[in-house]
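Working notes, beginning with the structure itself.
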Ligand SMILES: [Zn+2]
C-alpha cells in the first residue's frame with residue numbers, strides 16, 4: 001500500500017521481475033489502446049501511447065516516483081482501471 005492522496009484499490013505498477021519469462025523481465029504486448037499485458041504471466045499494465053501523455057507521465061514519475069505516478073494516472077482513467085481489474089480477475093482465475 002502506498003500512502004498518498006488516492007487509494008491504489010489493488011492497482012499497482014507491477015514488480016519488474018517476471019516469474020514466467022525466460023529473461024525474467026515482462027514482455028508487454030498491447031491489449032487495446034494504452035493497455036498492455038505480459039505475454040508470459042499476463043500481468044496487465046497501463047502505459048501511455050501518445051507523446052503528450054508520455055511526457056506528462058515521465059514528469060510525474062520524476063516528482064512522485066513510479067508507484068505513486070502510476071496509481072494517480074490509473075485513478076484518473078476509470079476505463080483503464082476497469083479493464084485492468086477485468087484482466088487481473090481473468091489472470092487470477
Ligand atoms: Zn510477465
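No lab work stands behind these numbers, since they all come straight from the coordinates. None of the values given here were measured: they were computed from a predicted structure. Cβ atoms come from the backbone with ideal geometry, glycine included; neighbour counts cover every protein chain shown.
Which is within 16 Å of the ligand (Cβ to nearest atom) and exposed (fewer than 15 other Cβ atoms within 10 Å of the Cβ), of 56, 33, 39? The match here is 39.
When segment 7-27 is limited to residues that are within 8 Å of the ligand (Cβ to nearest atom) and surrounded by 13 or more Cβ atoms within 10 Å (Cβ to Cβ), the one that is nearest to residue 88 (Cα to Cα) turns out to be 14. Tally the residues that are out of contact with any strand residue (DSSP E or B) (no Cβ under 7 Å at 6 or more places or on another chain), surrounded by 19 or more Cβ atoms within 10 Å (Cβ to Cβ) and in contact (Cβ under 8 Å) with a residue 60 or more places away in the chain, restricting the search to segment 69-84. Summing the residues that are out of contact with any strand residue (DSSP E or B) (no Cβ under 7 Å at 6 or more places or on another chain), surrounded by 19 or more Cβ atoms within 10 Å (Cβ to Cβ) and in contact (Cβ under 8 Å) with a residue 60 or more places away in the chain in segment 69-84 gives 1.
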